[in-house]
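*Asks:* Sharing a structure below in structure tokens format, with a few things to ask.
The values are calculated or read from the model by the stated rules, or taken from the named source; none is laboratory data. Keep in mind the model is a prediction, meaning the values are calculated, not measured. Cβ sites come from the backbone with ideal geometry, for glycine too, and all protein chains shown count toward neighbours.
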Amino acid sequence: MKKTVWIIIIAVVVIIGGWLWSSYNSLVSANEAVDNQWAQVETQYQRRFDLIPNLVAAVKGAMSQEQKVFDDLAAARANYSGAQTVNDKAAAATQVESSLGRLIAVMENYPQLKSIDAVQTLMAQLEGTENRISVERSRFNDQVQNFNVMIKRLPTNIIAGWFGFTAKTYFQVPTAAATAPAVNLQINQ
């Protein structure tokens, strides 16, 4: 009888230990998946940032009176470079998008720019990059959702609490980004 009780106790301890081990490893994997997906978002941001100076250089000569747009874009890129957290980087990326939107709006109103091959090529690459960023952000939010659900469900939430796993923040576009940028195309003579 004693031997059977010990076998049952050992079996229960092994089962609980295996469950703890498995749950912890699942949380680590989900956490790493979120971090990896954010790295994919940043890779696309870097691609965008690599294209922007080339686009600006191609357009700058034809649009010298639009210096503020170029300055805003440079400042937004600098803010992103200095951002440390995911939330700060997301906010800085939104600032870049806003500045880039103003540049694109200005460019669309300059017919001579549309005929420059370099500008057309860079715009096509930039549009492709923007699509990639959108896809990667969506995947990031999916990974965040999976992780957040995992750490909130019973009984994994207990293990998540023990080991300090906390909810991740979704990528959200600020409400100000929903407003189209105003572009003043007056040419000073």
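*Asks:* From Ser64, Ser81, Ser26, which residue is small (Gly, Ala, Ser) and at pLDDT 90 or above?
*Replies:* Ser26
*Asks:* Can you find even one residue in the range 101-109 that is exposed (fewer than 13 other Cβ atoms within 10 Å of the Cβ) and either modelled with pLDDT of 80 or more or under 23 Å from the mean Cα position of the chain (by Cα) (or both)?
*Replies:* Scanning the range 101-109 turns up no residue that is exposed (fewer than 13 other Cβ atoms within 10 Å of the Cβ) and either modelled with pLDDT of 80 or more or under 23 Å from the mean Cα position of the chain (by Cα) (or both).
*Asks:* Next up: Which of the residues spanning the range 135-171 are without any contact (Cβ under 8 Å) to a residue 12 or more places away in the chain, closer than 14 Å to Ala30 by Cβ and either among the β-branched types (Val, Ile, Thr) or touching a His at 6+ places or on another chain (Cβ under 8 Å) (or both)?
*Replies:* Val149
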